[in-house]
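One structure is given below, encoded as structure tokens.
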Amino acid sequence: MLKIWKHLPVKIVLATRNKKKTEEIRRILADTGMELFNLTAFPACPEVLEDGQTFTENADKKALEVARYTQLPALADDSGLVVDCLGGAPGVWSARYAGPGADDAANLNKLLQAVRNVPLAERSARFECVISMACPDGRLRRFHGSVSGRIIDEPRGGNGFGYDPAFVPDGLQQTFAEMAGEQKDSISHRGRALAALAEALQTAGEKNLSCE
Ligand code: ITT
């Protein structure tokens with residue numbers, strides 16, 4: 001899908017320390033030729049406090065702070081799961097749903113407990129992703145992707161991360177965690193947001209991408 005920019009020699013910092021998220025972004029953008037680092041290459045980069053009320057606020061903040069610190073174009077992903085019967089939870093708190101420092105297993109377990117008594121037909125949910133790309137001088141571009149589905153009773157599958165074992169996209173039977181990575185990317189919130197970024201930057205050209 002994103003095979004348009006073979007060998008673009010542009011260095012971009014991914015404003016994340018999340019290993020699985022990094023893997024997905026690298027896989028989705030692999031054919032663009034961009035050189036992608038994440039924050040493990042900048043161990044002294046201060047942690048960005050994610051205190052926004054929306055995915056957009058958090059994505060912008062992460063991209064701008066990391067671009068300023070590294071003096072490189074920075075790409076931030078803020079994402080999460082919005083569950084209708086839980087009033088939109090875990091939403092922007094997806095990474096910390098079971099408490100500060102909670103791991104994926106604890107968050108997933110809390111989600112499954114929270115929907116336990118809700119009929120399957122009322123378990124509609126969606127993953128949201130906002131990708132913000134910032135230049136060190138503060139210029140910012142933003143892209144959005146989402147995918148609708150439902151939360152099942154028991155986790156299934158060993159691929160992906162986070163809430164993937166509990167999420168079945170609309171019209172399908174497999175959870176994200178039962179799919180091959182490329183299959184998830186082709187319909188996922190992150191895949192869609194990054195496809196929009198690729199399309200916009202293809203139009204804008206390499207100069208824009210490198211923040212010159
Ligand atoms: P960074 O802020 O460092 O990028 P993070 O894990 O804190 O890493 P977010 O604040 O964007 O990232 O929170 C995203 C959480 O939402 C993530 O930890 C998962 O729990 C969940 N999530 C996001 N995308 C997901 C996906 O594709 N599959 C499953 N869960 C996902």
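Values in this text are rule-based calculations from the coordinates and carry no lab data. The structure displayed is predicted, hence computed values, not measured ones. Don't worry about glycine lacking a Cβ; one is built from the backbone with ideal geometry, like all the others, and counts go over all protein chains shown.
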Whole-Å distance, taken between Cα centres, linking the stretch 77-92 and the stretch 163-194: 16
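Express in nm, to one decimal, how much length is gained between LYS19 and ALA44 on full extension, taking 0.36 nm for each residue of separation and deducting their alpha carbon distance. Before the final figure, lay out each step's value.
Details: separation 25, 0.36 × 25 = 9.00 nm, distance 1.73 nm.
In short, 7.3 nm is gained.
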Under Karplus coefficients 6.51, -1.76 and 1.60, residue-wise ³J(HN,Hα) of the stretch 146-158 in Hz, glycine/proline x: 8, 9, 9, x, 8, 9, 9, 6, 10, x, 9, x, x
Partnerless Cys - the chain, beta-carbon criterion under 4.7 Å: CYS45, CYS85, CYS129
Highest-fluctuation residue, GLY101, GLY181, GLY88 considered, GNM on the chain with Cα pairs under 10 Å: GLY101
Gain upon complete extension [GLU57, ALA106; 0.36 nm per residue less C-alpha separation]: 15.1 nm
Extension gain (nm, one decimal) between ALA30 and GLU199, 0.36 nm per residue minus Cα-Cα: 59.4 nm
Within a Gaussian network of the chain (alpha carbon springs, distance under 10 Å), most fluctuating of LYS62, LYS110, LYS184: LYS110
